[in-house]
Amino acid sequence: MSIRIPELAAANPVIMGLLEYVLERRDRQILAGEEKPIALTLDPGNAPRDLRAVLAPFNDPLYDDGELWEELQWLANDYRCFSIKPAKRPGTGRGAWEGARLYFDDRREQLVREWLDRPRPVRVDPAWQRALTALAGRFECPQAFPPGGLQLDPGFESYDQLLECWAAVGEELAQDRQPTWRQLSARSFLGDSKYLDAEHRQALVRMLFPGRSDRVRERPILMHLYLPEEWREVLLVENQDSFLAIADCRPETMALVYIEGYRGGAARVRAPGVVRFGTLNEASLELRRDFLQWWQGQSSRDLPAHFWGDLDYEGMHIAAALKRSFASLDCWRPGYERLLARLQGGGGHPPELAGKARQRSLGQTGCPYADEYLIPALEREGACVDQEALSGRELHSLVAAGQ
């Protein structure tokens, strides 16, 4: 939904002209690949021709130049589109506006574009355009590439080389009817099996080759499972050491799943054939089949599912992602309460210490306990606690209390 320009501004020809003039200059900068601050002087005698036309209403007897100037100052003060530096010595008979210097605030560019319904132009690198023109016939839908082209990622010498790799994707799909994303990536992108891991690149493959992309075989996710005979709830554990430590406690009614910090494909994690489980303990075929049916949502058993991971923002992101597949999932209170006590007692570590400085709060996970207690505590304390901080003895007491 576009934002309407204020009526007072829309009725002022100088304001409208100046806003159009600024965007014209900015558009030329964008297309030239060089954006600079934009400033202008309200001096019709020395202004470029296009700016003189914008300032003409100031000298038009049909308008009150003082009113036009007051409204321009109002726009600058209320909407901060410009900062204004008045003229040092307005001459006799000159308007207060004459000689004033206007500086456009780049932070307001998007607002002005929405007012005037003028999207930002896209600069196309000529080298990209030449390469795409030469190779367009090797794609089913070459128009699926972004209008401004792709960035030249490190490791590629030219757009020609990058597009050759993308074109090789289609050829691989034509030859192999069921490659995984990792296989397709390694064969097409200079041996890099992880280049197509990113979801936006997989989406681009589907758009470039809509007739072949359904041949890609989703890579199975391998997960470890501890499955007791009388399991009545499931705990998804982020990290290996904590998973093994809880499994060593032999919980009698709680199944454990080690998810290895997994959240990338949480939306499909319960789809049939996506996950393959390796069972840590001895479990009968019937028991494993029963669990798999529950995991894939094909069982009538409505059992609680919990998640326990590090008390940091990434852990909260994992919980939120998993909750899209497990509607009733919550954050495992017994484990998180111990971590929360450590955090509030000064036992946390700063994000920078563990390479977590780029983690960002997501606001809501959908779990009331996490949203009301854990995330606010992370924001308040500015520190994190990893789940491995709990000893085997502490975990044993938690498991025993829950039996």
For the range 226-338, which fully contained strands (runs of 3 or more DSSP E) count at least 3 residues that are of a type outside the set (A, V, I, L, M)?
275-279, 305-308
Given Ser213, Ser188, Ser193, which one is under 23 Å from the mean Cα position of the chain (by Cα) and surrounded by 14 or more Cβ atoms within 10 Å (Cβ to Cβ)?
Ser193
Within the range 210-225, restricting to residues that are within 19 Å of Ala198 (Cβ to Cβ) and of a type in the set (Lys, Arg), the one that is modelled with the lowest pLDDT is Arg219
Of the criteria (1) over 30 Å from Thr253 (Cα atoms); (2) in contact with a strand residue (DSSP E or B) (Cβ under 6 Å, 6 or more places away or on another chain); (3) in contact (Cβ under 8 Å) with a residue 40 or more places away in the chain; (4) not polar (S, T, N, Q), which one His224 fails
(1)
Pick out the one residue from Gln344, Gln359 that is out of contact with any helix residue (DSSP H, G or I) (no Cβ under 6 Å at 6 or more places or on another chain) and among the polar types (S, T, N, Q).
Gln344
Filter the range 74-88 for residues that are within 13 Å of Phe104 (Cα to Cα) and buried (at least 16 other Cβ atoms within 10 Å of the Cβ) and give the result.
Leu75, Ala76, Tyr79, Cys81, Phe82, Ile84
Go over the candidates Asp330, Asp312, Asp290 one by one and state the one that is under 22 Å from Glu230 (Cα atoms), of a type in the set (Asp, Glu) and touching a Pro at 6+ places or on another chain (Cβ under 9 Å).
Asp330
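Would you confirm, using the coordinates I've provided, whether Leu374 is within 20 Å of Glu260 (Cα to Cα), in the same structural domain as Asp248 (by TED's automatic domain parsing), touching a helix residue (DSSP H, G or I) at 6+ places or on another chain (Cβ under 8 Å) and assigned to a helix (DSSP H, G or I)? Don't jump to the end; show me each part of the working.
Numbers: within 20 Å of Glu260 (Cα to Cα): no; in the same structural domain as Asp248 (by TED's automatic domain parsing): yes; touching a helix residue (DSSP H, G or I) at 6+ places or on another chain (Cβ under 8 Å): yes; assigned to a helix (DSSP H, G or I): yes.
For Leu374, the condition - within 20 Å of Glu260 (Cα to Cα), in the same structural domain as Asp248 (by TED's automatic domain parsing), touching a helix residue (DSSP H, G or I) at 6+ places or on another chain (Cβ under 8 Å) and assigned to a helix (DSSP H, G or I) - is not met.
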Subset of the range 47-82 [in a loop (DSSP other than H, G, I, E, B), hydrophobic (A, V, I, L, M, F, W, C) and free of Cβ contacts under 8 Å to residues at least 40 places away in the same chain]
Ala47, Leu62
Among residues of the range 20-46, those that are more than 20 Å from Gly95 (Cβ to Cβ) and in a helix (DSSP H, G or I), counted
12
Can you find a residue in the range 335-353 that is outside the structural domain of Ala203 (by TED's automatic domain parsing), closer than 17 Å to Glu233 by Cα and either of a type in the set (Lys, Arg) or loosely packed, with under 13 Cβ neighbours inside 10 Å (or both)?
no
Cβ-Cβ under 6 Å pairs, at least 6 apart or on other chains, the range 35-46 side under 14 Å from Tyr103 (Cα atoms), far side assigned to a loop (DSSP other than H, G, I, E, B)
Leu42/Trp97; Leu42/Ala100
The lone exception for Ala39 - which of (1) crowded, with 16+ Cβ neighbours inside 10 Å; (2) at pLDDT 95 or above it fails
(1)
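The values are calculated or read from the model by the stated rules, or taken from the named source; none is laboratory data. Quick caveat: nothing in here was measured; it's all calculated off a predicted structure. Reconstructed Cβ throughout: ideal geometry from the backbone, glycine too, with neighbour counts over all protein chains shown.
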